[in-house]
Amino acid sequence: MNKDKVISCIQDFFEEEHIKEVIATIKECQVSGWEGWIQVEFAHYLQKKVYKEQKANFSWYREYKVHSSGDNHIIPDFWISSDEDEMSYFLIEFKRSNSGKLEDEMKVDVEKWLNHIVINQGKLYCPTDNKTYNNLGVFFVGVDTNPANKELHVEGVTLENYGKQSQYRIDFLSVI
């Protein structure tokens, strides 16, 4: 996939009736701890709708560890292969909130990835297969059932926003 296709894929996922209904129930009942649920639903969406039904030619992986520095590592929620070459990936990080503090929680992930990008110069070393991949950018996807619609500001970083502020937000940190 390319960047625009990944954005479209995430947006289409949130337009699924089932997803909208469950998020409405989560809001109504104040269910907590649902970040894992949304990740599993997105994995199902990628495999069933995008890969099998739409016949999109791409690979996706979930929670493959990335070495950062020293003994530190990061585990992105998803790796999405690029049309560019087989060694290049977009990463996706999901966050959820019921408190209106989504942007504060997302900021932690943005800072973590910014630090990784600076140290590793856009490379992703995966100890699982002992290979190094190109990081084409990180999507930060957030859903807040009580959105405050604040700006997501991280010092020295420009994030491109593609989400609907009232339902979900998609911010992209480019490596380039």
For the chain, take the longest principal axis of its alpha carbons; what is the angle in degrees between that and the long axis of helix 35-45, to the nearest 10 within 0 to 90? 80 degrees
Please give the peptides 65-72, 3-10 ranked by average Cβ packing (other Cβ atoms within 10 Å per residue), highest first, as a rough proxy for protection. 3-10, 65-72
Please report the antiparallel percentage of the DSSP beta bridges confined to the chain, to the nearest 5. 70 percent
Whole-percent carbon and sulfur contribution to the accessible surface of the chain (1.4 Å, no ligands, DNA or RNA) stands at 47 percent
Can you spot the aspartates and glutamates whose alpha carbon is less than 16 Å from Lys112's alpha carbon? Ignore those fewer than 8 places along the same chain. Glu63, Asp71, Asp77, Glu93, Glu103, Asp104, Glu155, Asp171
Excluding residues on the same chain fewer than 8 positions from Lys49, give the aspartates and glutamates whose Cα lies under 15 Å from its Cα. Asp12, Glu15, Glu16, Glu17, Glu41
Taking the solvent-accessible surface of protein heavy atoms with a 1.4 Å probe, what is the per residue accessible area of the chain in Å²? 52 Å²
Pairwise centroid distance, computed over Cα atoms, of the stretch 34-81 with the stretch 83-144, Å: 11 Å
Degrees between helix 3-15 axis and first principal axis of the chain (Cα, 0 to 90, nearest 10): 20 degrees
For the stretch 1-133, calculate the relative contact order in percent as a whole number, restricting contacts to Cα pairs under 8 Å that are 6 or more residues apart. 21 percent
Rounded to the nearest 20 debye, dipole of the chain from Cβ charges on Lys, Arg, Asp, Glu: 180 debye
Any idea what angle helix 102-120 forms with the longest principal axis of the chain, computed on alpha-carbon atoms, 0 to 90 degrees, nearest 10? 10 degrees
Kindly flag which residue pairs out of Lys27/Lys107; Lys55/Lys107; Lys123/Lys150; Lys52/Lys95 have an alpha-carbon separation exceeding 29 Å in this structure. Lys55/Lys107; Lys123/Lys150
Theoretical ellipticity at 222 nm over the chain - DSSP helices of four or more residues, -39500 (n - 2.57) apiece, nearest 500: -10500 deg cm²/dmol
Ranked output for segments 141-147, 129-135 by mean other Cβ atoms within 10 Å, highest leading, reads 141-147, 129-135
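The values are calculated or read from the model by the stated rules, or taken from the named source; none is laboratory data. Computed from a predicted model, the values in this text were never measured in an experiment. Note: ideal-geometry Cβ built from the backbone for every residue, glycine included; neighbour counts use all protein chains shown. Note: areas computed on protein heavy atoms with side chains; ligands, DNA, RNA excluded. Shrake-Rupley method; radii C 1.70, N 1.55, O 1.52, S 1.80 Å.
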